[in-house]
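J.: Please read through the structure below; I'll follow up with questions.
The values are calculated or read from the model by the stated rules, or taken from the named source; none is laboratory data. Computed from a prediction, not measured in an experiment: that's the story for all the values here. Ideal geometry is used to build each Cβ from the backbone, glycine not excepted, and the neighbour counts take in all protein chains shown. Ligands, DNA and RNA are stripped out before the accessible areas are found, and what is left, the full protein with its side chains, is counted by its heavy atoms. Shrake-Rupley method; radii C 1.70, N 1.55, O 1.52, S 1.80 Å.
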Amino acid sequence: MPRLCLISLCLALVISCRFGVAEATLGEPADTIARDTKKFSGVLQKSTNRARYRVQSIASGATATTVREYVAPSGVVFAVAWNGLVHPDLQVLLGNYHDDYRKGLSRNARQSGRRGARVTTERLVVETWGHMRNLQGRAYLPGLLPEGVSLDEIR
């Protein structure tokens, strides 16, 4: 019996360690974009340089969704935006901030008739909107937004 308990404990530890690791890039270095590409079964598209940041696009053929990751000069992803047939897996996109999102979401009451939602926490803002076949959204970290970058640029 003790041996079975030990095996169960080890299995639980392995599972919790495996699923506790964040695979997303929001707030993480830009080199994690390659992991996101694999997670979304996507293709790394063009990289566009702006005056105060760089945008890296990932296109997923399976879901016809494009994800754009905004990288500050420091090399950290400060925002993500998407559009397509479905919303991407926010747990992958938000990574370490996903728990903040879930807690903020649980505090927001769903308003009937509204197609969009906004979740704001101390560290994170997530906005979703759109309609069937054109779902959009963005998530950003206000504390990491480079100076001079307007929120209108994150789309």
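J.: Determine whether Glu122 is open to solvent by 50 Å² or more (accessible area, probe 1.4 Å), under 26 Å from Gln56 (Cβ atoms), modelled with pLDDT of 90 or more and of a type in the set (D, E, K, R). Write out each step before concluding.
T.: Details: open to solvent by 50 Å² or more (accessible area, probe 1.4 Å): yes; under 26 Å from Gln56 (Cβ atoms): no; modelled with pLDDT of 90 or more: yes; of a type in the set (D, E, K, R): yes.
No; evaluated as a whole, the condition is false for this residue.
J.: At pLDDT 85 or above and of a type in the set (A, V, I, L, M) - does that describe any residue in segment 3-24? Don't jump to the end; show me each part of the working.
T.: Going residue by residue through segment 3-24, those that are at pLDDT 85 or above are none.
No, segment 3-24 has no match at all.
J.: Exactly one of these conditions fails for Val67: (1) in contact (Cβ under 8 Å) with a residue 40 or more places away in the chain; (2) touching a helix residue (DSSP H, G or I) at 6+ places or on another chain (Cβ under 9 Å). Give me its number.
T.: Only one criterion in (1) in contact (Cβ under 8 Å) with a residue 40 or more places away in the chain; (2) touching a helix residue (DSSP H, G or I) at 6+ places or on another chain (Cβ under 9 Å) is unmet by Val67, namely (1).
J.: Something else about it: Return a yes/no flag: does segment 64-78 have any residue that is of a type in the set (A, V, I, L, M), farther than 18 Å from Ala30 by Cβ and modelled with pLDDT of 90 or more.
T.: Just the residues of segment 64-78 that are of a type in the set (A, V, I, L, M), to begin with: 64, 67, 71-72, 76-77.
Now drop any that are not farther than 18 Å from Ala30 by Cβ, which leaves 64.
With modelled with pLDDT of 90 or more added as a condition, the list becomes none.
No, segment 64-78 has no match at all.
J.: Mind checking whether some residue in segment 101-109 is touching a helix residue (DSSP H, G or I) at 6+ places or on another chain (Cβ under 8 Å), more than 23 Å from Thr48 (Cα to Cα) and either surrounded by fewer than 19 Cβ atoms within 10 Å (Cβ to Cβ) or touching a residue at least 12 places away in the same chain (Cβ under 8 Å) (or both)?
T.: Filtering segment 101-109 for residues touching a helix residue (DSSP H, G or I) at 6+ places or on another chain (Cβ under 8 Å) gives 101.
Pick out the ones that are also more than 23 Å from Thr48 (Cα to Cα) and you get 101.
Within this subset, residues satisfying the condition of being either surrounded by fewer than 19 Cβ atoms within 10 Å (Cβ to Cβ) or touching a residue at least 12 places away in the same chain (Cβ under 8 Å) (or both) are 101.
Yes, segment 101-109 has at least one match.
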